[in-house]
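The values are calculated or read from the model by the stated rules, or taken from the named source; none is laboratory data. In this text, all values refer to a predicted model and were calculated from it rather than measured experimentally. When we count neighbours, we look across all protein chains shown, and the Cβ atoms used for this are built from the backbone with ideal geometry, even at glycine.
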Amino acid sequence: MITVALLLEYDGTDFHGWQHQPRMRTVQGTLTDSLKRFIGITDFVAGSGRTDVGVHAKGQVAHFAVESLPFDVQIIPEIFTRRLPLDLKILDARIPVGADFHSRFSATERTYHYTISLDDSVFKRRYSWTNLPKLSVETLQEAAKMFIGIQDFSTFTKHNTVVTDHRCIVTESFWNYNEATNQLVYTIKANRFLYSMVRALVGAMVRCAEGKMTLSELTDRFHKKNRTFIQKLAPSSGLCLAKVSYPPNYRLW
């Protein structure tokens, strides 16, 4: 069997998330259907993570296994540009070095970006959180620092009985202001993410930046590990999976 890794980007607005669901338009379902027709795969394409409804991706990684390829792996992006909808694109395709590669379980880190637009432009609503009151950028930056390290993020996830370990190793967590676009961009990198974790973090930080919660209150709620303290999720439109990292021996991206 040949394992093929795909680097993907998609506009999540009109998708019902990544994971296949009957009678729903999903990224996994749309991509799998196309690959079945033109390459002959028999199983669903596997992704590095399950993005929620409305969440975008610039660096999602997926993989599939097939007995043989009818054409060179390098031309897969060109071939499927004409066979996929305009809101889903294969950027690159490679055969990983090593038979043990898995897009989800081989990943070492994932990076997400969350964008807030400081002006209420109709052209930014699909890809950012708009129409917010004045925010304290200094408060956002201070709040982001508390999430770095090996910590329990139970407070910032939706209930999921399958997940029992809520610890994540966060190596980057910071805000930048983009003067050219008048936008604030939050970057967070970690070994793993819990269900709706980034949107919960952003929602909590924005409450602090609005003056509706103090940083000490946020710290206290974070360490109490009680998800009922954090109820407001940031809109999915501002969230984008930017990059998935793998050990260099696979020779991927």
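Got a sec? Which of Ile169, Ile188 is β-branched (Val, Ile, Thr) and touching a Ser or Thr at 6+ places or on another chain (Cβ under 7 Å)?
Ile188
In region 22-34, which residues are modelled with pLDDT of 95 or more and either surrounded by fewer than 18 Cβ atoms within 10 Å (Cβ to Cβ) or assigned to a helix (DSSP H, G or I) (or both)? Passing the criteria: Met24, Arg25, Val27, Gln28, Gly29, Thr30, Leu31, Thr32, Asp33, Ser34.
Within region 34-53, being among the β-branched types (Val, Ile, Thr) and without any contact (Cβ under 8 Å) to a residue 40 or more places away in the chain holds for Ile39, Ile41, Thr42, Val45.
If you go through region 234-241 one residue at a time, do you hit one that is surrounded by fewer than 19 Cβ atoms within 10 Å (Cβ to Cβ) and in a strand (DSSP E or B)? Taking every residue of region 234-241 in turn, none turns out to be surrounded by fewer than 19 Cβ atoms within 10 Å (Cβ to Cβ) and in a strand (DSSP E or B).
Filtered by the rule that a residue be touching a residue at least 60 places away in the same chain (Cβ under 8 Å), in a loop (DSSP other than H, G, I, E, B) and of a type in the set (Phe, Trp, Tyr), region 85-124 gives a lone residue, Phe101.
The residues of region 31-52 that are aliphatic (A, V, I, L, M) and either touching a helix residue (DSSP H, G or I) at 6+ places or on another chain (Cβ under 6 Å) or not assigned by TED's automatic domain parsing to the domain that holds Leu86 (or both), listed by number, are Ile41, Val45.
Checked against the criterion of being among the hydrophobic types (A, V, I, L, M, F, W, C) and out of contact with any strand residue (DSSP E or B) (no Cβ under 8 Å at 6 or more places or on another chain), the candidates Met24, Met1 yield just one match: Met24. Residues considered: Ala143, Ala93. Of these, the only one that is in contact with a strand residue (DSSP E or B) (Cβ under 7 Å, 6 or more places away or on another chain), among the small types (Gly, Ala, Ser) and modelled with pLDDT of 95 or more is Ala93. Selection of region 63-84 for residues being surrounded by fewer than 17 Cβ atoms within 10 Å (Cβ to Cβ) and part of a loop (DSSP other than H, G, I, E, B) yields Glu67, Ser68, Leu69, Pro70, Phe71, Asp72, Arg82, Arg83.
Scanning region 1-18 for residues that are in a strand (DSSP E or B), closer than 16 Å to Asp43 by Cβ and of a type outside the set (S, T, N, Q) yields Ile2, Val4, Ala5, Leu6.
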